[in-house]
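Reviewing the structure listed below.
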Amino acid sequence: MSLALARKYRPKTFADVAVQSHVSNTLRGAIARQRVAHGYLLCGPRGVGKTTLARVLAMALNCERKRDDGEPCGECTSCTRTWSGSSSLDVIEIDAASNRGVDDARDLRERAMYAPSGDDRYKVYIVDEAHMLTREAWNALLKILEEPPPRVIFVFATTEPQKIAQTAAPVLSRLQRFDLKRIGPADITRRLATVLAAEDVTASSDALGMIARAADGSMRDALSLTDQVISIGTGPLTAERVREALGLVPEDEFIAILDIIGSHRAGEIFTTVNRLADAGVDFGVFLAGFADILRAQLTVVLSGKADGVSTTAAASLAERKNLFSAGDLLRMISAINALEPTFRKSGQQQLLVEMLLVRMALLDKTVLLEDMLAGLGNAADASAPSGGSAGVGAVRSAPAYPPATPVARSAARPPNATPRHPAPPVRPISVAAPSSPPDWAPAPTQAATDASVQEMKRAMESTARDTNRSRMTPEALREERLGVLRQKDPGLGAAIDALDLELLD
């Protein structure tokens with residue numbers, strides 16, 4: 001049985017580990033200068049080299065022909081057994097996902113007390129998925145991590161360091177932490193080209209780029225996908241073969257959907273989505289691919305160069321540079337991001353995709369706010385009359401006042417009694433608008449206006465600082481209104497005092 005590419009081409013030296021030079025150089029320098037720490041914590045996404053670096057560290061520490069710069073030879077018996085993951089007395093790998101309890105931690109602590117198999121060797125414990133350890137297990141390891149036995153080294157690997165910080169924060173101060181980076185598509189493509197050259201397999205650049213993007217920053221995933229694509233047939237690796245093996249949507253479909261959206265042909269969306277559903281397309285993969293196409297189109301609009309797509313797709317997107325504005329593309333990408341949280345849980349994924357694409361096809365083009373305001377200003381200028389002011393010399397009538405509200409009556413006054421002071425009749429007033437301000441009403445100066453504003457501010461601040469001011473209540477408001485009525489009608493006030501009446505609001 002052939003060995004998987006991810007295992008067959010696992011790096012054997014620090015220099016072979018892709019991208020993680022900030023970690024490999026530090027570990028190699030520590031070995032060369034005899035400054036190896038007793039504990040390390042390697043953090044990062046899956047497939048970026050955490051376990052590989054831990055094994056290379058163990059190989060370098062126990063290598064029989066170690067080089068002066070700290071690199072292992074990768075060929076001696078100790079290096080071969082460590083690299084292949086075979087059983088060894090001095091290198092022990094533990095899966096914390098299945099050995100996570102306090103009893104497992106106590107057993108590890110007791111075994112660590114035994115010396116290595118040789119005086120010039122180190123005992124290395126590699127604990128994978130370290131975030132799965134319980135709080136009690138971490139507490140059982142605290143003492144030995146703080147004061148470990150001589151020539152014993154612990155290497156913890158995890159994809160979720162925040163869980164360790166929540167569960168066992170004191171552990172972090174006892175370990176040297178290294179954060180490994182995601183591997184970019186360019187580095188993955190170069191590594192895949194090297195591996196396929198060693199396997200005597202030819203591949204197109206578009207095919208390697210598609211595998212690199214599908215790997216999502218994981219070198220192990222990229223090698224596993226390459227294994228899958230090689231197994232599907234014979235001959236060179238092509239883009240069509242990669243799409244068939246990985247179930248990817250052809251980029252031509254995305255370009256066709258862009259044309260439908262750009263021409264606002266919303267009715268054709270349903271036919272296109274039905275064709276994709278009949279072909280067995282995963283709509284989650286479809287949305288991810290369509291988002292990549294929209295992002296590439298956005299880079300074309302903004303910088304003139306497509307990014308993250310094949311050469312053929314880049315040429316097609318360049319031809320459609322003027323089909324969408326940057327604002328339109330941002331709105332469509334935001335719509336996909338807004339749909340993503342609920343998409344995976346939905347039982348009607350095809351319907352969600354159809355509604356999303358129809359909404360994009362019906363979107364109006366983005367209009368700049370400055371252009372809209374300028375258009376409104378031009379329309380207002382065109383509608384204004386050209387013969388001066390419209391109101392000069394016009395006769396206007398004073399507004400008719402509504403009938404007066406009857407005042408509250410006392411208990412001793414009949415409701416249909418004639419009021420003492422009948423309201424004068426309201427007559428319309430015609431006033432000619434002056435063509436210029438009168439001489440007796442000069443416009444206020446700027447200094448007078450500023451002084452008035454300052455006076456108002458001082459009054460407001462004084463009121464705000466007044467701690468004795470009372471809160472207006474309904475009772476106080478009623479008393480104030482009744483007091484105003486008594487002031488307007490002195491006879492009413494005298495009658496209330498003489499007869500001891502009570503006014504009703």
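The values are calculated or read from the model by the stated rules, or taken from the named source; none is laboratory data. None of the values given here were measured: they were computed from a predicted structure. Cβ placement follows ideal geometry from the backbone for every residue including glycine, while neighbour counts extend to all protein chains displayed.
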Original post:
Can you spot a residue in the range 278-296 that is surrounded by fewer than 20 Cβ atoms within 10 Å (Cβ to Cβ), over 27 Å from the mean Cα position of the chain (by Cα) and aliphatic (A, V, I, L, M)?
Top reply: yes
**OP:** Just name the residue that is farthest from VAL155 (Cα to Cα) out of those in the range 55-76 that are in contact with an Asp or Glu (Cβ under 7 Å, 6 or more places away or on another chain) and free of Cβ contacts under 8 Å to residues at least 60 places away in the same chain.
**Re:** CYS76
Original post:
Is it true that some residue in the range 7-21 is closer than 30 Å to THR134 by Cβ, in the same structural domain as PRO170 (by TED's automatic domain parsing), at pLDDT 90 or above and not in a loop (DSSP other than H, G, I, E, B)?
Top reply: no
Original post:
Does the range 300-321 contain at least one residue that is closer than 21 Å to ALA215 by Cα, among the hydrophobic types (A, V, I, L, M, F, W, C) and part of a loop (DSSP other than H, G, I, E, B)?
Top reply: yes
Original post:
Which members of the range 260-273 meet the condition of being surrounded by fewer than 14 Cβ atoms within 10 Å (Cβ to Cβ), outside any loop (DSSP other than H, G, I, E, B) and touching a residue at least 12 places away in the same chain (Cβ under 8 Å)?
Top reply: PHE270
Original post:
Does the range 106-120 contain any residue that is closer than 22 Å to LEU57 by Cβ, in a strand (DSSP E or B) and touching a strand residue (DSSP E or B) at 6+ places or on another chain (Cβ under 6 Å)?
Top reply: no
Original post:
Which one is farthest from GLN34 (Cα to Cα) among residues in the range 138-162 that are in contact (Cβ under 8 Å) with a residue 40 or more places away in the chain and of a type in the set (A, V, I, L, M)?
Top reply: ALA157
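Residues are listed down the side, and each one gets a yes or a no for (1) part of a loop (DSSP other than H, G, I, E, B); (2) modelled with pLDDT under 75:
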position	(1), (2)
PRO434	yes, yes
PRO438	yes, yes
ALA443	yes, yes
ALA448	no, yes
GLN454	no, no
ALA459	no, yes
GLU475	no, yes
LEU482	no, no
ALA494	no, no
**OP:** Report, by residue number, each residue of the range 311-334 that is touching a residue at least 24 places away in the same chain (Cβ under 8 Å) and either in contact with a strand residue (DSSP E or B) (Cβ under 8 Å, 6 or more places away or on another chain) or over 28 Å from ALA239 (Cβ atoms) (or both).
**Re:** SER325, ALA326, GLY327, ASP328, LEU330, ARG331
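For SER78, indicate whether it is under 29 Å from TYR9 (Cα atoms), of a type in the set (Ser, Thr, Tyr), at pLDDT below 90 and part of a helix (DSSP H, G or I). Steps first, answer last, please.
Working: under 29 Å from TYR9 (Cα atoms): yes; of a type in the set (Ser, Thr, Tyr): yes; at pLDDT below 90: yes; part of a helix (DSSP H, G or I): yes.
Spelling it out, SER78 is indeed under 29 Å from TYR9 (Cα atoms), of a type in the set (Ser, Thr, Tyr), at pLDDT below 90 and part of a helix (DSSP H, G or I).
Restricting attention to the range 230-240, does a residue exist that is of a type in the set (S, T, N, Q), surrounded by 13 or more Cβ atoms within 10 Å (Cβ to Cβ) and on the phi < 0 side of the Ramachandran plot? Give the steps one after another, and end with the answer.
Quick first cut of the range 230-240, residues of a type in the set (S, T, N, Q) only: 231, 234, 238.
Next, only the ones that are surrounded by 13 or more Cβ atoms within 10 Å (Cβ to Cβ) stay: 238.
Those left that are additionally on the phi < 0 side of the Ramachandran plot: 238.
So far as the range 230-240 goes, yes, one or more of its residues are of a type in the set (S, T, N, Q), surrounded by 13 or more Cβ atoms within 10 Å (Cβ to Cβ) and on the phi < 0 side of the Ramachandran plot.
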